Amino acid sequence: MASIALFFSLLTSLLFTSSMAIASYNQNPTSFIRSSCGRTLYPGLCYASLRPFAARVGTDSVLLSRFAMNVTASRLKPLSDKIFSLHHRASLPPSSSGGIVTSAIKDCDGLISDASDLVKKSEKELAGLEEMVGREVTWRISNAQTWLSAAITDEGTCSDEFGNGGGEEFERVRKKVKRAEQLTSNALALVNCLVN
Ligand SMILES: *[C@@H]1O[C@H](CO)[C@@H](O)[C@H](O)[C@H]1NC(C)=O
């Protein structure tokens with residue numbers, strides 16, 4: 001009996017020691033975010049936008065990608081509202097390229113609200129992924145990849161249409177669309193890491 005008890009206490013301490021070893025081997029949340037962001041196209045932006053969530057992300061790569069999508073969605077929503085109000089404003093300011101800007105705003109209204117929906121939908125698609133198995137996991141990740149790529153296309157189309165016209169107010173909008181496109185690209189890169 002005594003030897004069995006000794007065996008179990010040894011086993012317990014062995015398991016405890018090895019789980020400690022795993023814990024110390026694992027990175028802390030901020031270095032986990034930094035190294036994950038290192039695989040994106042805009043690592044500085046990625047790290048700055050996700051670091052505030054370090055405590056909630058821990059070292060969970062699915063959660064990290066979901067936070068990245070939520071950060072992106074939280075930029076797209078006010079941008080989409082702003083473009084909507086520019087589009088429906090009684091008259092756009094006169095400018096040398098007024099016609100181009102007017103049609104860019106009209107197109108961007110649809111494109112950015114579409115991108116915003118796609119990013120939100122992608123975040124939802126990965127919720128609860130940890131509890132899923134097999135094909136369900138690959139299916140959901142692939143949906144998120146498809147939708148995030150479509151959102152990047154929408155954002156790129158919108159910012160291209162702006163060109164350089166329309167003055168400061170439009171230039172600010174165009175810059176924000178560019179920034180949203182970079183955030184979406186980062187979110188997609190983090191989702192890609194889930195399968196690579
Ligand atoms: C992302 O935002 C949605 C909607 O606000 C929320 O339900 C979800 O929990 C958020 N995801 C994370 C990882 O915080």
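The values are calculated or read from the model by the stated rules, or taken from the named source; none is laboratory data. Predicted, not measured: the structure shown is a model, and the values here were computed from it. Neighbour counts are summed over all protein chains in view; Cβ atoms, including those assigned to glycine, are modelled from backbone coordinates with ideal geometry.
Couple of notes before you dig in:
- Members of the range 165-196 found to be part of a loop (DSSP other than H, G, I, E, B) and either crowded, with 21+ Cβ neighbours inside 10 Å or in contact (Cβ under 8 Å) with a residue 24 or more places away in the chain (or both), listed by number: G165, G166
- Residues of the range 30-46 that are crowded, with 18+ Cβ neighbours inside 10 Å, farther than 12 Å from L183 by Cβ and not β-branched (V, I, T): F32, S36.
- Qualifying residue in the range 75-97 (condition: modelled with pLDDT under 95, in a helix (DSSP H, G or I), away from the ligand (no atom under 16 Å from the Cβ) and touching a Leu at 6+ places or on another chain (Cβ under 8 Å)): yes
- Here V137 does not fit the description of being β-branched (V, I, T) and within 16 Å of the ligand (Cβ to nearest atom).
- For I152, the stated conditions hold: it is closer than 25 Å to I33 by Cα and either hydrophobic (A, V, I, L, M, F, W, C) or modelled with pLDDT under 90 (or both).
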